[in-house]
1. Roughly what % antiparallel, to the nearest 5, for the DSSP beta bridges in the protein assembly as shown?
2. Test of understanding: express the Cα radius of gyration of the stretch B:57-116 as a ratio to 2.2 N^0.38 Å, with N the residue count.
3. Give me a single rounded figure for A:232-244: the average over its residues of other chain Cβ atoms within 10 Å of their Cβ.
4. Residues in the stretch B:280-321, backbone N under 12 Å from the label point at B:D31 (7 Å along the Cα-to-beta-carbon vector): list them, ranges by number please.
5. Among residues other than A:K224 whose Cβ falls under 12 Å from its Cβ, what is the net charge (Lys/Arg +1, Asp/Glu -1)?
6. Note the distances from A:D63 to each other copy's matching label point, with points 7 Å along the Cα-to-beta-carbon direction, in nm, sorted shortest first.
7. How large is Rg/Rh for the stretch A:57-207, to two decimals, with Cα atoms and a Kirkwood Rh?
8. Determine the shape class of the stretch A:213-258: with a ≥ b ≥ c the square roots of the Cα gyration tensor eigenvalues, call it rounded for a/c under 1.5, and otherwise prolate if a/b is greater than b/c, oblate otherwise.
There are 2 protein chains.
Amino acid sequence: MRKSDKSLREKTMSLLVVGSMAYDAVETPFDKIEKALGGSAMFFAAAASYFTRVNLVAVVGDDFDHDDIRFLRQKNVDLQGLKTERGDTFRWAGRYHDNMIDRDTLYTRLGVFENFHPLLPEQYKSSDFVFLANIQPDLQYNVIRQITKPMFVAMDTMNFWISGAPDDLRRTLSVVDCLIINDSEVRLLSGMYNIYAGAKVIQEMGPKTLIIKKGEHGAILAHKDFYFACPALPIEKVFDPTGAGDTFAGGFMGYLAQTDEINDSNLRRAMVMGAVMASFCVEGFGADCLKALTKESIKKRASQLMALIKVDADHQWLIAE
Amino acid sequence: MRKSDKSLREKTMSLLVVGSMAYDAVETPFDKIEKALGGSAMFFAAAASYFTRVNLVAVVGDDFDHDDIRFLRQKNVDLQGLKTERGDTFRWAGRYHDNMIDRDTLYTRLGVFENFHPLLPEQYKSSDFVFLANIQPDLQYNVIRQITKPMFVAMDTMNFWISGAPDDLRRTLSVVDCLIINDSEVRLLSGMYNIYAGAKVIQEMGPKTLIIKKGEHGAILAHKDFYFACPALPIEKVFDPTGAGDTFAGGFMGYLAQTDEINDSNLRRAMVMGAVMASFCVEGFGADCLKALTKESIKKRASQLMALIKVDADHQWLIAE
């Protein structure tokens, strides 16, 4: 990859997200909420909107709150692809264990999301960057087919599709650049316990870049040419981890879409911004935490993360013979 | 802490380790061995010997292999404090689960280690750096009492003492500078699930510096003034994790003991060297992996670890208003 002195594109690239908009009922050991703003596309778009213009494809029911739509509009998210259908918005309810990682799903009510068949508005078909949130792999594939000439396509998936729709998933994997999943999904998909060995197996399936999310342990960028270990910010009170993965993806893709090229340096910086945005997400319930961030608060966390991994690089290591 | 341009002390500080020498029988999902060189003091001394002169206090039975003693002598480890007693060397047998973290102890045969009461040779009493490996907290305390004026005392401990000898442990904690334990031990000792919140609770007990080991996820240095997140090197085949924690401690303390002062920069570099030495440890059975490392192989891994966390620091983060 060619290094460049410029770090920003002359023209910001368009970033498309296809996923869910939802309301979640969440219980943690600390607190609970009946109706938190959620859904993969919501978390992603909210995070990415701080960096670039987002094209959103999703569906909500006629019970969806206008204030939440207004927030996206204010953040300059393009809503041509957001359909409102008669019926209920997707609802998920879950209860987190004490470790704030494992969780039990209490119910999933798909509502209007059950018949979600993403059709891209004409204007979205020229999107440069694409994030396919966790939906059926065949729907993800159909989205990619609608895009004329994508520059960088990233996708999420989950155990349900890895086990339940392996052929569809393999077809989708074969045409994406980047897969963003957690460490247990890497193990399930690759059949390898070791995540680095697993990453190589998955890269052979298609995506040359793999982002392995590890919750409080941060995330690993496994590119075919290099690794980057990005820690999570030290958050003393994780309030609600729901959506942190999609928020990470939003920070990552949003930041990458405004850089001048996809190279080693910019991928690393985009990872840092993914971790920064995820750190805001876990501090409260739902996507509301992402609504009123300031440029200064984001920059401050980026500096904190840089300080977390700082080691003097000009150091001569002294070792006995 | 004052920064210094020099990174090395004019006179190398003496580093004392008090712990066990053992032979381990280890089973992993991949392989097994009947007799691997082990023990906390063994792993620690082997790792630290690449950086500084080590004073060793331990006990072995008359069945201990002379070749293993010879190795320590060759590495310039001071063995005045190594006692050989009539009887069997400490033996531990364990079987690792598929995740290569959880393990079942198959047996523990203390042998001569059962009556280990570390008495320091006169010359060791002026040691500057001290590592108290995982032994009874009251024995650790008695070692500290024998040292005239230690500069930096670090200790390990385990769930057995946290639950079984809490008062003794608190007394020892109150007089050390650094505690090196794993994340589940942080949770048990602090009563907090969140490791950053737990670190603050533990710092109130005495040690201002806490090193939280997280296996494949690396280690966190939680100092009262800053955090450093040190990743583990990407090892595609973890062969045997036994001793990796003590090896990390050996790399960390050994490196720190040869720097000019205990400050932010040097603590971070010492963490890197801890992770580097641990990466060699997990690649084979027992402490034999640490016997024949070269200066070049250690430097190479240090560079690899630096590349793993490299982000251009002069970057202007671009964020929308």
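We did not get these values from a lab; they are worked out from the coordinates using the rules stated. Since the model is a prediction, treat every value here as computed from it, not as a measurement. Neighbour counts are summed over all protein chains in view; Cβ atoms, including those assigned to glycine, are modelled from backbone coordinates with ideal geometry.
1. That works out to approximately 40 percent antiparallel.
2. Computed over Cα atoms of the stretch B:57-116, the ratio equals 1.37.
3. That average works out to 2.
4. So the set is B:282-286, B:288-289.
5. -2
6. Those label-point separations list as 7.0 nm.
7. 0.99
8. oblate
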